[in-house]
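The values are calculated or read from the model by the stated rules, or taken from the named source; none is laboratory data. Just so we're clear, the structure is a prediction, and the values are computed from it rather than from any experiment. Here the Cβ positions follow ideal geometry from the backbone for every residue, glycine too, while neighbour counts run over all protein chains shown. Side chains included, ligands, DNA and RNA excluded: accessible areas come from the protein's heavy atoms. Shrake-Rupley method; radii C 1.70, N 1.55, O 1.52, S 1.80 Å.
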There are 2 protein chains.
Amino acid sequence: MVQYARAHLDTSLAALADSTRRGVLEQLGREDASITALADRFHMTLTGMKKHVGVLEQAGLVVTEKVGRVRTCRIGARRLDEVAAWIASYHQLWDARFGELDQVIEELKQKEKSDGHHQPE
Amino acid sequence: MVQYARAHLDTSLAALADSTRRGVLEQLGREDASITALADRFHMTLTGMKKHVGVLEQAGLVVTEKVGRVRTCRIGARRLDEVAAWIASYHQLWDARFGELDQVIEELKQKEKSDGHHQPE
DNA sequence: CGCATACTGAACCATACGGTTCAGTGTCTA
DNA sequence: TAGACACTGAACCGTATGGTTCAGTATGCG
């Protein structure tokens with residue numbers, strides 16, 4: 001198998017690939033909230049929001065605790081370090097391949113300028 | 001609408017939330033490749049790989065060019081700056097809420113140590 | 001007790017996803 | 001020109017996703 005079996009990344013990224021869920025994270029960043037509160041805020045049924053919270057919890061991005069009849073959600077223990085690390089490594093790779101190209105383009109621009117040609121867009 | 005309609009983020013993250021696709025990106029980071037080459041490398045049909053490449057291309061993470069009968073794929077113009085920025089802002093938010101908690105935990109550890117209790121884990 | 005609140009779970013629905021097969025189309029190359 | 005090669009597109013398949021409704025269960029409160 002070539003594909004690096006990083007299930008973590010899969011679940012984290014999948015959890016983030018939904019604007020409602022990202023919204024929930026931002027919201028919980030401001031203050032803890034019950035499922036009901038979140039459902040209200042995002043104009044959704046309780047059940048629907050519960051699923052989203054479930055996905056986020058599965059990904060470790062949210063933790064919940066039920067006391068009495070209300071389940072309180074808060075930002076979870078899992079930081080996005082892994083994701084950030086992947087992005088960073090990708091960035092590095094990108095630069096490695098295109099840093100050179102950027103340089104070439106920069107040189108071309110300079111040349112065009114000094115040749116008196118107008119710069120294309 | 002409360003949910004921040006950042007379609008970019010949605011498509012970028014969704015494109016990344018698949019290990020095959022991340023593998024393709026890493027591969028293309030090393031060298032450009034044809035669809036066939038990628039399909040071989042990831043043990044998949046041409047058609048299957050073409051779909052993945054399509055998703056990556058849609059997200060701007062890959063660009064392709066067909067010359068003759070072979071379509072060559074290369075790392076695309078879109079850097080993951082947006083994604084990185086979101087992650088960073090989330091990180092910041094996380095720290096804001098939990099930096100304090102970290103401090104409390106650290107203090108507790110210190111206290112336990114000085115109390116002569118053995119440190120849990 | 002009796003009612004409202006807050007969640008839970010099952011079932012359902014439409015659509016998307018990851019993958020396949022199969023039947024093309026277009027391009028090399030001998 | 002014939003055949004191999006590289007891709008393309010449509011159709012299909014099983015499963016997942018994002019959402020709903022509806023029918024519970026458990027808790028709080030007057």
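Residue-level analysis places A:VAL55 among those that are open to solvent by less than 80 Å² (accessible area, probe 1.4 Å) and under 27 Å from A:ALA7 (Cβ atoms). As a summary of the residue check, A:ALA59 satisfies the conditions (1) more than 10 Å from chain B (Cβ to nearest Cβ); (2) under 23 Å from B:GLY60 (Cβ atoms) except for the one numbered (2). Every test in (1) of a type outside the set (S, T, N, Q); (2) open to solvent by less than 20 Å² (accessible area, probe 1.4 Å); (3) near DNA strand C (Cβ under 9 Å from one of its atoms); (4) touching a Leu at 6+ places or on another chain (Cβ under 9 Å) is passed by B:LEU28 save one, and that test is (3). Only one of the numbered conditions (1) open to solvent by less than 10 Å² (accessible area, probe 1.4 Å); (2) at pLDDT 95 or above is not met by A:ARG69, and that is (1).
Which residues, taken from the range B:1-27, are part of a loop (DSSP other than H, G, I, E, B) and at pLDDT below 90?
B:MET1, B:VAL2, B:GLN3, B:TYR4, B:ALA5, B:ARG6
Inspection of the range B:85-92 identifies at least one residue that is at pLDDT below 90, over 25 Å from B:GLN27 (Cα atoms) and open to solvent by 70 Å² or more (accessible area, probe 1.4 Å). Taking B:SER19 as the residue in question, decide whether it is polar (S, T, N, Q) and touching a residue at least 40 places away in the same chain (Cβ under 8 Å). It is false that B:SER19 is polar (S, T, N, Q) and touching a residue at least 40 places away in the same chain (Cβ under 8 Å).
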